[in-house]
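Right, one structure below, let's go through it.
The values are calculated or read from the model by the stated rules, or taken from the named source; none is laboratory data. As the structure is a prediction and not an experimental result, all values here were calculated from the model. Cβ placement follows ideal geometry from the backbone for every residue including glycine, while neighbour counts extend to all protein chains displayed.
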Amino acid sequence: MPEVQVMIGGREFTVACQAGEEPFLQTAAKMLDTEAAVILGQIGRMPPDRMLLMAGLMLADKTAALEDDVQELREKLEAREKSLRSAEERLADRARRITELQEAAPAAAGLPEGFVEGFEKLALKAEELAETALPKT
């Protein structure tokens, strides 16, 4: 099992990790070091265990805030997807109604020639836009 030397808060630590995980460990240690630097800048020198605890708690707080942001974005995405599905359903219903009217008697409805076809093209374009508006899940 490889051992990696990391610097956190101006102190060197030796940490063991699985082979191949050294870059991830270095990245995590850098994040912890950044938080430790903030703490040491505000408080000054402190025992390593307390410094690591405080830095870890600060990272945990940031992680919790990011998780809240992710959840909020998921909820917004779900709401938009629901709205998009509803719009697609309404559009499909209108397209069916147009087809029914066209098949029934377009001339009897008093619609100008080409009106129904133009409306169908517009409905197809709206469906294409709706499909590209949000990524598929």
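Overview of results
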| read-out | value |
| --- | --- |
| Scan of region 72-103 for residues that are under 13 Å from E127 (Cα atoms) and surrounded by 12 or more Cβ atoms within 10 Å (Cβ to Cβ), ordered by number | L84, R85, A87, E88, L91, A92, R94, A95 |
| Pairs with Cβ under 7 Å, 6+ apart, first in region 43-60 and closer than 17 Å to T14 by Cα, second surrounded by 11 or more Cβ atoms within 10 Å (Cβ to Cβ) and at pLDDT 90 or above | P48/R11; M51/G9; M51/A36; M51/I39; M51/L40; L52/I8 |
| Residue selected from region 19-74 under the condition outside any helix (DSSP H, G or I) and either among the aliphatic types (A, V, I, L, M) or touching a helix residue (DSSP H, G or I) at 6+ places or on another chain (Cβ under 6 Å) (or both), by the criterion nearest to V4 (Cα to Cα) | A19 |
| Residue check for L77: farther than 30 Å from E12 by Cβ, at pLDDT 95 or above and not hydroxyl-bearing (S, T, Y) | yes |
| Test result for A64, closer than 30 Å to G9 by Cβ and exposed (fewer than 11 other Cβ atoms within 10 Å of the Cβ) | yes |
| Near pairs, Cβ below 8 angstrom, 6+ apart or cross-chain, from region 75-95 (under 16 Å from L129 (Cα atoms)) to any residue that is among the β-branched types (V, I, T) | E81/T137 |
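For every residue, the table says whether it meets (1) under 13 Å from L59 (Cα atoms); (2) aliphatic (A, V, I, L, M).
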position	(1), (2)
M7	no, yes
T14	no, no
A19	no, yes
F24	no, no
A29	yes, yes
L32	yes, yes
V38	yes, yes
G41	no, no
